[in-house]
Amino acid sequence: MIVARPAAARGHVQAGWLDSRHTFSFGRYYDPAWMGFGPLRVINEDRVAAGAGFPPHHHANMEILSYVLSGALSHRDSTSHDGRGSGGVLRPGELQWMSAGHGIEHSEFNAAQDAPVHFLQIWIQPDRVNALPAYAQRAFDPAQRRARWGALASPDGADDSLAIRQQAWLRGTLLGVGDSVEWPLDVARRYWLHVVQGEVVVGDRPLGAGDALGFLEQGGALRVQGTGSGLADVLLFDLPA
């Protein structure tokens, strides 16, 4: 079974400094048909105005990944043991992981005063509860994802990916026109493919930025081909059923 989630059908919330598109129900956007996809609960595409951001707020028992498309995102949280917290600035090509564990307070702000920041925030439900909060950030060489699937997050940190607390893998690829990649689908798992930027075709389905497909009890090979003039950025979530 394949489910389609077109970009234009996502929830849209605009609040002055924030323009956000929600793949699944989140905050003020609620659709009972789109509450998540297995443990994948949130994919928000956020644009935050210069100098603005999310003030300190609380999370618990959620794996939170941030992926910047353009600009710079400043992050601060309470994960350190010395009371000073952890944080940094996230830029394109980097992925940030924050495991909220038994409870964490964090904030996110646009690190620039003269340009917006455009990023994805992704929430994955963990396979354990009330663990110690944790934080990590890693830069990934784009060349390692050109026309191949590169591991960005995994349960064990294999291939220099970020280790997350779920039996889930996040892989990414960058595809130019004519480039293609494949991935074998296991009928015992589920998969969510999200086009971050650019244009691709999956089977006979053309997809653009923000479009997504979910695969349930689906076997065979998933083939994705770049079709646009620029590089397409594509994420693939490999999830427990």
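The values are calculated or read from the model by the stated rules, or taken from the named source; none is laboratory data. Note that the structure is predicted; figures quoted are calculated from it, not measured. Please note: Cβ atoms are built from the backbone with ideal geometry, for glycine as well, and neighbour counts cover all protein chains shown.
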With the condition being over 17 Å from residue 96 (Cβ atoms), I'd like the strands (runs of 3 or more DSSP E) fully within the range 119-179 carrying at least 1 qualifying residues.
169-175
Check whether at least one residue in the range 58-65 is surrounded by fewer than 17 Cβ atoms within 10 Å (Cβ to Cβ), in a strand (DSSP E or B) and modelled with pLDDT of 95 or more, and report yes or no.
no
Has the range 104-113 got at least one residue that is β-branched (Val, Ile, Thr), crowded, with 21+ Cβ neighbours inside 10 Å and either under 26 Å from residue 172 (Cα atoms) or modelled with pLDDT of 95 or more (or both)?
no
Sort through 157, 203 and tell me the only one that's free of Cβ contacts under 8 Å to residues at least 24 places away in the same chain and more than 19 Å from the chain's Cα centre (by Cα).
203
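Which of the following residues is of a type in the set (D, E, K, R) and crowded, with 18+ Cβ neighbours inside 10 Å: 199, 217?
Result of the check over 199, 217: 199.
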Identify, by number, the condition in (1) assigned to a loop (DSSP other than H, G, I, E, B); (2) free of Cβ contacts under 8 Å to residues at least 12 places away in the same chain; (3) within 16 Å of residue 236 (Cα to Cα) that residue 219 doesn't meet.
(2)
What residue, among those in the range 66-90 that are crowded, with 16+ Cβ neighbours inside 10 Å and assigned to a loop (DSSP other than H, G, I, E, B), is modelled with the lowest pLDDT?
85
Looking at 128, 148, 190, 171, which one is of a type in the set (Lys, Arg), more than 15 Å from the chain's Cα centre (by Cα) and surrounded by 21 or more Cβ atoms within 10 Å (Cβ to Cβ)?
190
